[in-house]
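A short write-up of the structure that comes next.
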Amino acid sequence: MRIFSGIQPTGRKHLGNYIGAIVQYVAGQDRGEAIYCIVDLHALTVAYEPPALREAVYDTAATLLAAGLDPDRCIFFRQSDVAEHTELTWELSAVTAYGDLNRMTQFKDKAGAQRDLVSAGLFFYPVLMAADVLAYRAHEVPVGDDQRQHVELMRDVAERFNQRFGETLVLPEARIPEVGARIMDLQEPTNKMSTTGGTPQGTVLVLDEPDVIARKFRSAVTDSGSEVVRGVDKAGISNLIDILAAVRGVAPEDVEREFAGSGYGAFKNAVANAVIDYLAPVRERYQALRADEQALEETLFDGAEKARAIAAETLADVRRAMGVGPVR
């Protein structure tokens, strides 16, 4: 089985990224042929500063390696180093419906948040994402729940391509964690945790110091009750229960049973301490990895060479099926 996923280098990675995607990346190395990339081309679709983007790529690379990605057990590279992604995007555009792109929830959300230019790249983003995955004929895509719609679109695109040009592409399946698939902002628990659209105090960063993490959880919004149970009217406490369940690798019901009769204060402290311990090894390894940018570049370059060999084969088959380029 082949596994593929990409992660944006926009902002420092937060607890939602870690639980929803990064932990799955690491586990995927033992379940199949794992291919992961830092999707820097996707980051161009919103306003950014070029020097900051380069720094963010290194930050993200170091974070993933610190979390447990092993270049000897997976292919890890930078998206822009493999040109096959961009060419395949154009070819897939021939079988992508305008109406499908116009219905994408994330485009509407991000376009609404833009103060100035809403780029065509932001609208076309899902086609590039489809090319990222389909270029490697991946069977599985580990993502958070918010990416479900994008995986459904890439399946539709692959199916439409195969129907029109012959069986060429693999229809991937989303792999979404049962617990922690959608970690919410601690201050606005009806909104997803985010470094770009969330609240600073409600976003727990992977590299936050222990005292900062503890402070954020102590100030987490809950509700007027005192019972540690999930409910439709208890978004804040439900989010904290899901976080602790994901960190411990247990069911939310187990957390509810353990903290039955406990107050919110004691529960918040327990969640904070568990998250601090959970993220400590990553934070410790990150510093040494981030300091050696040359080593990071070499890792990404080597990974791109391996990725290109796979993507080039897919692209050749796509070209042949579509009648593009010389006959070979």
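Roughly how big is segment 1-142's charge dipole about its Cα centre, with Cβ charges of +1 (Lys, Arg) and -1 (Asp, Glu), in debye to the nearest 20?
Details: 12 positive and 17 negative charges, 81 e Å.
The calculated dipole for segment 1-142 is roughly 380 debye.
Separation of segment 56-76 and segment 185-226, taken as the distance between their Cα centroids, equals 25 angstrom. With helices as the sole contributors, the chain gives -16500 deg cm²/dmol at 222 nm; each DSSP H run of n ≥ 4 counts as -39500 (n - 2.57), and the sum is divided by every residue. Once each part is reduced to its C-alpha centroid, what is the distance from segment 267-315 to segment 3-27 in angstrom? About 9 Å separates the Cα centre of segment 267-315 from the one of segment 3-27.
Please name which of F161, P126, A138 has its Cα lying farthest along the dipole of segment 113-166 towards the positive end, using unit charges on Cβ (Lys, Arg +1; Asp, Glu -1) and the Cα centre as origin. Toward the positive end, the furthest listed residue is F161.
Could you tell me what percent of the DSSP beta bridges with both partners in the chain are antiparallel, to the nearest 5?
Values: 2 of 17 bridges.
That works out to approximately 10 percent antiparallel.
Close lysine pairs were tallied over the chain: pairs 8 or more places apart or on different chains with Cα atoms under 25 Å apart number 13. Protein-only accessible surface at a 1.4 angstrom probe places the residues S224, S262 in the order S224, S262, largest first.
Accessible area of R320 (1.4 Å probe, protein heavy atoms only, ligands and nucleic acids ignored): about 140 Å².
Taken along the Cα-to-beta-carbon direction at a fixed 7 Å, the label points for A52 and D211 span 2.7 nm. Give, in nm to one decimal, the length gained when the segment between V327 and D70 is fully stretched (0.36 nm per residue of separation minus the Cα-Cα distance). Once the chain is fully extended between V327 and D70, it gains 88.6 nm. With a simple spin-label model that places each label point 7 Å from the Cα along the Cα-to-Cβ direction, the separation between A27 and R148 comes to 1.7 nm.
Please say if segment 1-160 is rounded, prolate or oblate, where rounded means a/c under 1.5 for a ≥ b ≥ c the square roots of the C-alpha gyration tensor eigenvalues, and otherwise the choice is prolate for a/b larger than b/c and oblate otherwise? The shape class here is oblate. Given their separation in residues at 0.36 nm each and the Cα-Cα distance between them, E167 and R257 gain 27.4 nm when the chain is fully extended.
Taking only C-alpha pairs under 8 Å that are 6+ residues apart, what is the relative contact order of the chain in percent?
Working: 515 pairs, mean separation 76.2, N = 328.
Computed value for the chain: 23 percent relative contact order.
Label separation (N102 vs R248): 4.9 nm, computed from points 7 Å beyond Cα along the C-beta direction. Given the choices (i) 20.8; (ii) 19.8; (iii) 22.2, Kirkwood radius over Cα pairs in Å derived from the coordinates of this structure is entry (i).
Overall, the ratio between the Cα radius of gyration of segment 1-79 and 2.2 N^0.38 Å, rounded to two decimals, is 1.07.
Run the dipole for segment 181-301 about the Cα centre, Lys and Arg Cβ at +1, Asp and Glu Cβ at -1, nothing else charged, and hand back the magnitude in debye, nearest 20. Write down the numbers at each step before the final one.
On the way: 13 positive and 19 negative charges, 57 e Å.
The dipole magnitude comes to about 280 debye.
Cα gyration tensor of segment 165-207, axes a ≥ b ≥ c as square roots of the eigenvalues: rounded (a/c below 1.5), prolate (a/b > b/c) or oblate?
Numbers: a/c = 3.48, a/b = 2.80, b/c = 1.24.
Taking the square roots of the gyration eigenvalues as a ≥ b ≥ c, segment 165-207 is prolate.
For the chain, a Gaussian network of Cα nodes joined below 10 Å ranks E33, E258, E173 by mean-square fluctuation, and the top entry is E258. Taking a ≥ b ≥ c as the square roots of the eigenvalues of the Cα gyration tensor, an a/c ratio of 1.5 or more together with a/b no larger than b/c marks segment 35-95 as oblate. A Cβ-based charge dipole, computed about the Cα centre of the chain with Lys and Arg at +1 and Asp and Glu at -1, lands at about 460 debye.
The values are calculated or read from the model by the stated rules, or taken from the named source; none is laboratory data. These numbers were taken from a predicted model, which means no experiment stands behind them. Don't worry about glycine lacking a Cβ; one is built from the backbone with ideal geometry, like all the others, and counts go over all protein chains shown. For accessibility, only protein heavy atoms count, side chains too; no ligands or nucleic acids. Shrake-Rupley method; radii C 1.70, N 1.55, O 1.52, S 1.80 Å.
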